[in-house]
Structures are given as C-alpha cells and as structure tokens.
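Take a look at the structure set out below.
A short reminder: the numbers here are calculations on the coordinates, not readings from a lab. For clarity, every value in this text was computed on a predicted model and none was experimentally measured. Cβ placement follows ideal geometry from the backbone for every residue including glycine, while neighbour counts extend to all protein chains displayed.
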C-alpha cells in the first residue's frame, strides 16, 4: 500500500507539494510535542538529539523515495466488466459528480469512451468523484505498452481483458496478473 501511494505521489504533477505534505506529517508529531505556545506564537524547542533524529528520519524518507522511483512496477489484472461497451458508467467510481465522466463528457456507457476498451480501475482513483477520474496511464510490460483511462477504483490496475491481451500479447487469461511499469501521461494519450 505504501509503495503504491508513493508511486502515485511520485507520478503526481504536484510532486513537491506532496513531498512537503508527507515530510510535514512525518515530523509533525515530534515537533508538536516540543512546541510551546507563547503570546499566540509558536516557539519550537529542539534538543540536539531531536535534530539528529529528525535528520535521520528525513534521510530515511528520501531513501524510500529513491527506491520507490526506481521500482515502479504495479500489479495489473483484468475484469471483463470493462469489456462491456453497454455497461453504464453508474457502475464505476467515475460516474457523476464534479469529477465524474458522465458530468464532464456526457458519456453514459463505457462504449462511448474514446479508445474503449482501454479503460479500467487505477490506484489514482480514490473512490466516487475522485480527482483521479479520467487520468491516463501508460502500462508497460515485456516491451509492450498501452494507455489506459482510469474510470474506477482499484488497488493496482484492473483493466479490460482486451486491453490486457494487448499488453501481454494475448496471454491475459493464462497469466491472470502481471507486474507492469506505470507512468501517468497526458489525457490526450487516451483520446481526450
């Protein structure tokens, strides 16, 4: 879970904001316990040992980011529900709402999505009305690549059988699941 979250953060356009948020969160408990409030101002008292510990934690966090960026493989599986062009978009997380595909593009079924059936669930979609709805992802495995539009929530990538067959050279059913490299790409790469 942490690796997937970090992978998503690394591929996010707001990487520096995300990094700042994570570092603030990682250090906040330690700093909060050593903060005195005087005249509505914060004065932080940091003993030398705490500074050294915080430096080591920061170094560990940076090491995790370096390792995660090098290891970008994510699980990819298939779900034949994404192959059904007549399936209503109300069956997926990215249906309506401000970020929903029905609202943004007027589509009612999966078959109306450009480049159907290259669609599926992605870790970037946190649930209904997620800002990750409609993001485009390049999945690469054994020298083959496809672009998939995120329309549903998944812990890895859960895509149409036809899309996974394109990625695995017709081996989707036999393999069931593969570890693929992923990269967020422009929505235009998914036909939007």
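Taking the criterion of being assigned to a helix (DSSP H, G or I) and out of contact with any strand residue (DSSP E or B) (no Cβ under 8 Å at 6 or more places or on another chain), the only residue of region 128-164 that qualifies is 162. The numbered conditions (1) within 20 Å of residue 188 (Cβ to Cβ); (2) in contact with a helix residue (DSSP H, G or I) (Cβ under 6 Å, 6 or more places away or on another chain) are all true for residue 145 except (2).
Filtering region 104-114 down to residues that are assigned to a loop (DSSP other than H, G, I, E, B) and in contact with a strand residue (DSSP E or B) (Cβ under 7 Å, 6 or more places away or on another chain), which residue is surrounded by the fewest Cβ atoms within 10 Å (Cβ to Cβ)? Walk me through it before giving the result.
Filtering region 104-114 down to residues assigned to a loop (DSSP other than H, G, I, E, B) leaves 106-108, 113-114.
Right, trim to in contact with a strand residue (DSSP E or B) (Cβ under 7 Å, 6 or more places away or on another chain) and you get 108, 113.
On the way: 108: 14, 113: 22.
The extreme case among them is 108.
So, in region 82-102, of the ones that are over 20 Å from the mean Cα position of the chain (by Cα) and touching a residue at least 40 places away in the same chain (Cβ under 8 Å), which residue ends up surrounded by the fewest Cβ atoms within 10 Å (Cβ to Cβ)? Across region 82-102, the extreme among qualifying residues is 83.
Across region 133-172, the qualifying residues are those that are surrounded by fewer than 17 Cβ atoms within 10 Å (Cβ to Cβ) and over 16 Å from residue 117 (Cα atoms), and the one among them that is farthest from the chain's Cα centre (by Cα) is 171.
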